[in-house]
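First the structure, in the form of structure tokens, and then the observations on it.
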């Protein structure tokens, strides 16, 4: 046990190795874990291969979730964050071009994306305008998401985990969420390397709720805006992503 005196944020401890070889050191602090290896007495040490890159991207619904993923996956992935608050799949075609730029820049093995729902009119490739949120609008949304998914999959070299959106408290936003989630599910159909993380089923199995049972207690999982997740909610979402990654390794 290493204690930190009041107002001191740096501490150290010395140890004397009892024999030659490779010693593994682990630091645990408030649920965080950092591991390292120390070679003693000329022992041969082979550096660990670089961790695969995980890209955490999206709009404000990814804020905080990227940090939760970085903490949870610290020894399994190099988490890179690339967030764009206030954006959306239906707000122009910026996400189509952004996905291509991101894969070129980061070359992620895994992309985790969370993009909220916007009721914006969309223009199809042939110039037609689709108003939210009828079947034609949903089909254009599905098309855009599938293009993005294929981009993140990088020709079979990677995978994408797309976060479904928990139902919002506001009725109009809730209606859009349902349409968007259905479109995202259709976009992933038959697409190897694409997986939908159904956190909507975790947080809102029967509609909006601010509190939910978790590990034997009731916790608040939604912020006061009725849309975003609390810190506890983000930790639960990160756990769901981790589970999905383990079930479908790449």
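Starting from residues that are part of a loop (DSSP other than H, G, I, E, B) and crowded, with 17+ Cβ neighbours inside 10 Å, keep the ones in the stretch 203-229 and report whichever is nearest to the chain's Cα centre (by Cα). Checked the stretch 203-229; the qualifying residue nearest to the chain's Cα centre (by Cα) is 228.
Condition test on residue 109, is it over 24 Å from residue 202 (Cβ atoms) and in contact (Cβ under 8 Å) with a residue 60 or more places away in the chain? Spelling it out, residue 109 is indeed over 24 Å from residue 202 (Cβ atoms) and in contact (Cβ under 8 Å) with a residue 60 or more places away in the chain. Cβ separations smaller than 9 Å between residues 6+ apart or across chains give the following pairs from the stretch 64-88 residues that are touching a residue at least 24 places away in the same chain (Cβ under 8 Å) and at positive phi to residues that are part of a strand (DSSP E or B) and crowded, with 16+ Cβ neighbours inside 10 Å: 64/229. Taking the condition modelled with pLDDT under 95, assigned to a helix (DSSP H, G or I) and closer than 24 Å to residue 111 by Cβ, does residue 246 pass? Judged against the criteria, residue 246 is a match. Check the stretch 99-109 and report whether any residue there is at pLDDT below 95 and at negative phi. Scanning the stretch 99-109 turns up no residue that is at pLDDT below 95 and at negative phi.
For every residue, the table says whether it meets (1) more than 18 Å from residue 170 (Cα to Cα); (2) without any contact (Cβ under 8 Å) to a residue 40 or more places away in the chain.
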| site | (1), (2) |
| --- | --- |
| 208 | no, no |
| 215 | yes, yes |
| 219 | yes, yes |
| 226 | no, no |
| 230 | no, yes |
| 243 | yes, yes |
| 246 | yes, yes |
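Answer yes or no as to whether residue 177 is touching a helix residue (DSSP H, G or I) at 6+ places or on another chain (Cβ under 9 Å) and part of a loop (DSSP other than H, G, I, E, B). So residue 177 does not fit the description; no. Assessment of the stretch 120-133 against the conditions (farther than 21 Å from residue 61 by Cβ, surrounded by 18 or more Cβ atoms within 10 Å (Cβ to Cβ) and in contact with a strand residue (DSSP E or B) (Cβ under 6 Å, 6 or more places away or on another chain)) yields at least one matching residue. Filtering the stretch 169-190 to residues that are in contact with a strand residue (DSSP E or B) (Cβ under 9 Å, 6 or more places away or on another chain) and crowded, with 16+ Cβ neighbours inside 10 Å leaves 169, 174, 181, 184, 187, 188. Could you please let me know if residue 232 is surrounded by fewer than 21 Cβ atoms within 10 Å (Cβ to Cβ), outside any loop (DSSP other than H, G, I, E, B), touching a helix residue (DSSP H, G or I) at 6+ places or on another chain (Cβ under 7 Å) and at pLDDT 95 or above? No, not satisfied.
The values are calculated or read from the model by the stated rules, or taken from the named source; none is laboratory data. All figures in this text were calculated on a predicted structure; none of them were measured in a lab. All Cβ positions, even for glycine, are placed from backbone atoms using ideal geometry, and neighbour counts span all protein chains on display.
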